[in-house]
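First up is the structure itself, then whatever we jot down about it.
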Amino acid sequence: MKYQRKGIAICLLFIICLASGGRAAAESTAGEGQSNGPATEGKKRWIGLTGSWGGHHHLWSATDYKGYKNKTAGVFMEWETEAWVPVPVNMEHTLRLELHYQDIWGTIPLTSDQVPPEKRNGGPYGTTLDHYNIALLLIRRWVFFPEYFIRPNLNLGFGISVLNKTVLEDGTIHNFNFVGGGGLEADINRQWSAFMDVRWEHFSNGGQIYLTNAAVIGLESINGVFGLRYRF
């Protein structure tokens, strides 16, 4: 199998453990008083919609895949947790479980080792993207000054995704995602808020961390992210 089962299992276990830990923390403190709402409400929870658009931005991958673009649409559930690591800053700590659909397109360069031996003719090499994937991400968010109408935030997440077809002929449809960034959130009313973030994303099948023995690729982008949250 071109994608190692062990690698997939590790990714899934990482997401499940973080999600379970965050939910347990929220449930264990339910009913305790919070500075941002009545004591009976306990830890806060939200559902929401999100979308993004973006293009290539090289940071980590061995190759700069210029020409890569993407757009996404997704849904998420989010819940407030304990700080885990206490810091002397007024902030709200949350976990967001996001499921999204992503279109990717463009024409990107390839290196010779990403092309089957029988098709190597001296280059240059490239491929045209016309793909989509489904991704599940777990994102840790730090919201500063949560009592204010407009609030800055930072976020960092990890997830797994599945493509509809391989990017490389000898590649795999299974991938992982790293995301990180920050932005601003503003209240619309007591229950609704809107946010706009800038997010860096690494979308890869795991060659540099040895999750696969297939031909590897690591697409990276900077994305503008927007969305709505509803507190329930």
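The values are calculated or read from the model by the stated rules, or taken from the named source; none is laboratory data. Because the structure is predicted, anything quoted here is derived from the model rather than measured. Cβ placement follows ideal geometry from the backbone for every residue including glycine, while neighbour counts extend to all protein chains displayed. Just so you know, the surface numbers come from the protein's heavy atoms only, side chains and all, with ligands and any DNA or RNA stripped out. Shrake-Rupley method; radii C 1.70, N 1.55, O 1.52, S 1.80 Å.
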Hits in the range 59-69 (condition: surrounded by 15 or more Cβ atoms within 10 Å (Cβ to Cβ) and either in contact with a Ser or Thr (Cβ under 6 Å, 6 or more places away or on another chain) or farther than 15 Å from Val225 by Cα (or both)):
Ser61, Thr63, Tyr65, Gly67, Tyr68
Among the residues in the range 180-187, are any under 11 Å from the mean Cα position of the chain (by Cα) and farther than 23 Å from Asp113 by Cβ?
yes
Residues of the range 88-117 classified as open to solvent by 70 Å² or more (accessible area, probe 1.4 Å), out of contact with any strand residue (DSSP E or B) (no Cβ under 8 Å at 6 or more places or on another chain) and not in a helix (DSSP H, G or I), total:
1
Counting only residues in the range 129-182 that are of a type in the set (Phe, Trp, Tyr) and in a strand (DSSP E or B), the one most open to solvent (accessible area, probe 1.4 Å) is identified as Tyr132
Would you confirm, using the coordinates I've provided, whether Phe203 is modelled with pLDDT under 95 and open to solvent by 20 Å² or more (accessible area, probe 1.4 Å)?
no
Quick one: count up the residues across the range 96-122 that are closer than 28 Å to Asn223 by Cβ and touching a helix residue (DSSP H, G or I) at 6+ places or on another chain (Cβ under 7 Å).
1
Do you know which of the residues in the range 118-128 that are of a type outside the set (Phe, Trp, Tyr) and assigned to a strand (DSSP E or B) is least open to solvent (accessible area, probe 1.4 Å)?
Thr127
